[in-house]
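First up is the structure itself, then whatever we jot down about it.
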Amino acid sequence: MKKLNNIAVLTSGGDAPGMNAAVRAVVRTGIYHQLNVFGVMYGYRGMLTNDIFQMESKSVANIIQRGGTILKTARCKEFYEYEGRKKAYENLKKHNIDGIVVIGGDGSFNGAQKFSQEFDIPCIGLPGTIDKDIAGTDSTIGFDTAVNTAIEAIDKIRDTADAHDRLFVIEVMGRDAGYIALHSGISTGAEHVLMPERKTEVNEIIEELQANERRKKLVNLIVVAEGDETGGANEVARRIKESCPQLDTRVTILGHIQRGGSPTCQDRILASRLGYAAVEALREGIHNVMIGVVNDKIQYTPLDKAVKAKQEIDPEWFKIVKILAS
Ligand code: ADP
């Protein structure tokens, strides 16, 4: 087995709270094993522009509690092309990098998978996305923080909804996945959760709202994932207003607050554990996998499987939403 000397770490694609904790864990575990650890700025773009620098233990001091990513993140068009990836490889070679840790979402793993097939630098992926839509792990770095931010905001909306007997349609993040909507909806007692994984029957929701009105239940919360097929919170509210003009219907789009903030305990622990495991895997010669945690155990998933597969949502959750909000 080739001896590991120099490794690089980068954050790529959509940012997620807890990425800093993962970077810290990679750097400190690497240094513990007497490796040289390099940070790559702005994801794959930094590999192309040679924005690569050696990190020390103190480079990651005081960041475990910070949202965002000190290494910055970006989307990089050139990396989709072979020529771009070759340029990235040549820059990494200048620093004698012999292992890369990519913290990002499935798009980033797609890039890492291609890169590792074409060149002789092994990659390890760590799931960093608020959406939790990656197979091979029970959660992703950033999901728990994003959900807790959504819950805090929705609880506040409930207070004002309750004071005025209003119906609120709240949009949360999730273009392809509804986990933030589902978890925040259940945790705040929402009457309905709309998400891309499930067909939305707005007419049925309207019928239920009308039935609720007859029994004087006027406060209703509808949590909508941005990727729901109906077209987001504004469209859902428009359809409701059309059929129920008498209801006082308001819309709140939570937006980017869900990406920021200090990571929760769960995200810090997940990020620390995965960052540590990434370096251990490289040292053991385990390559081109995403590392996740399944049933509280570290699990390796080949990068191509982490890319393609999506988790399925158990339909029982929707039954729970319905029963508990009735
Ligand atoms: P995320 O990792 O959050 O899913 P993206 O889908 O934007 O975010 O991917 C991040 C970056 O990974 C892209 O900007 C690109 O540089 C690289 N990437 C994504 N998909 C591919 C691919 N099929 N081939 C090569 N590089 C890719």
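The values are calculated or read from the model by the stated rules, or taken from the named source; none is laboratory data. Because the structure is a prediction, the values reported are computed rather than measured. Positions of Cβ are generated from backbone atoms using ideal geometry, with glycine treated the same way; all protein chains shown enter the neighbour counts.
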ASP98 fails exactly one of (1) in contact with a helix residue (DSSP H, G or I) (Cβ under 6 Å, 6 or more places away or on another chain); (2) more than 9 Å from the ligand (Cβ to nearest atom), namely (1)
request  = May I ask you to verify whether GLU83 is in contact with a Gly (Cβ under 7 Å, 6 or more places away or on another chain) and either modelled with pLDDT of 95 or more or not in a helix (DSSP H, G or I) (or both)?
outcome  = no
Looking at GLY125, is it in a helix (DSSP H, G or I) and either in contact with an Asp or Glu (Cβ under 6 Å, 6 or more places away or on another chain) or within 14 Å of the ligand (Cβ to nearest atom) (or both)? no
Over segment 206-226, the set of residues among the charged types (D, E, K, R) and either crowded, with 16+ Cβ neighbours inside 10 Å or in contact (Cβ under 8 Å) with a residue 24 or more places away in the chain (or both) is GLU208, GLU213, GLU226
Turns out the strands (runs of 3 or more DSSP E) fully within segment 161-257 with at least 2 residues that are closer than 17 Å to VAL321 by Cα are 167-172, 192-194, 220-225
- Query: Going by the structure shown, is ALA88 within 14 Å of the ligand (Cβ to nearest atom), in contact with a helix residue (DSSP H, G or I) (Cβ under 6 Å, 6 or more places away or on another chain) and not in a helix (DSSP H, G or I)?
  - Reply: no
Expected single match for small (Gly, Ala, Ser) and on the phi > 0 side of the Ramachandran plot among GLY178, GLY185, GLY189 is GLY189
Kindly establish whether GLU152 is of a type in the set (D, E, K, R) and either surrounded by 23 or more Cβ atoms within 10 Å (Cβ to Cβ) or under 30 Å from ASN212 (Cα atoms) (or both).
yes
Scanning segment 43-82 residue by residue, those among the acidic types (Asp, Glu) and more than 12 Å from the ligand (Cβ to nearest atom) turn out to be ASP51, GLU56
For segment 1-19, the count of residues that are over 16 Å from the mean Cα position of the chain (by Cα), part of a strand (DSSP E or B) and not hydrophobic (A, V, I, L, M, F, W, C) equals 1
Here the residues within segment 20-49 that are part of a helix (DSSP H, G or I), more than 21 Å from GLY111 (Cβ to Cβ) and touching a strand residue (DSSP E or B) at 6+ places or on another chain (Cβ under 7 Å) are VAL27, GLY30, ILE31
Reported set for segment 50-66 where residues are part of a helix (DSSP H, G or I) and free of Cβ contacts under 8 Å to residues at least 40 places away in the same chain is SER57, LYS58, SER59
Among LYS87, LYS132, the single one that is buried (at least 21 other Cβ atoms within 10 Å of the Cβ), basic (Lys, Arg) and touching a residue at least 12 places away in the same chain (Cβ under 8 Å) is LYS132
Determine if segment 20-41 includes at least one residue that is over 18 Å from ARG268 (Cα atoms), within 16 Å of the ligand (Cβ to nearest atom), within 25 Å of the chain's Cα centre (by Cα) and assigned by TED's automatic domain parsing to the domain that holds THR301.
yes
query = Could we say that ASP159 is surrounded by fewer than 18 Cβ atoms within 10 Å (Cβ to Cβ) and within 25 Å of GLY275 (Cα to Cα) here?
reply = no
How many residues of segment 270-301 are farther than 24 Å from ILE31 by Cα and either surrounded by 15 or more Cβ atoms within 10 Å (Cβ to Cβ) or β-branched (Val, Ile, Thr) (or both)? The answer is 2
